[in-house]
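Before any comments, here is the structure.
What follows draws every value from the coordinates through simple rules; no lab data is involved. Remember, predicted model here, so these are calculated numbers, not experimental data. When we count neighbours, we look across all protein chains shown, and the Cβ atoms used for this are built from the backbone with ideal geometry, even at glycine.
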Amino acid sequence: MRVRVAFLLVFLFILSPALSIAVDELYLTGKVINYEPDTGKIKIDVLSSSCKGVREFWAEKGLSKDLLINKVISFGIDSNHCDKFKIHKIRTPLLN
């Protein structure tokens, strides 16, 4: 019995930091339709099946519009699912 309890405690001790660090992100691919550098609002025609269609997202402000428009990009958002009525924030850099 003591061995089981000790094993369980060691297992939880090792696993708990990994659970607290985990971040939910959904990775998508899409073609940029429009980008507003002043606000950071970006309109993307998402090609990924989990979020297909034209959607708006919040991105970094001040990026070059010319480098984004009509480009196919891959990006991660701040959720593990795509909510049709929410403007999600892009968490990954758009330009490397």
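Comparison of Arg55, Arg91 shows that the only residue that is out of contact with any helix residue (DSSP H, G or I) (no Cβ under 6 Å at 6 or more places or on another chain) and touching a residue at least 60 places away in the same chain (Cβ under 8 Å) is Arg91.
Scan region 50-96 residue by residue and report those that are under 15 Å from the mean Cα position of the chain (by Cα), loosely packed, with under 15 Cβ neighbours inside 10 Å and among the small types (Gly, Ala, Ser). Within region 50-96, Ser50, Ser74 meet the criteria.
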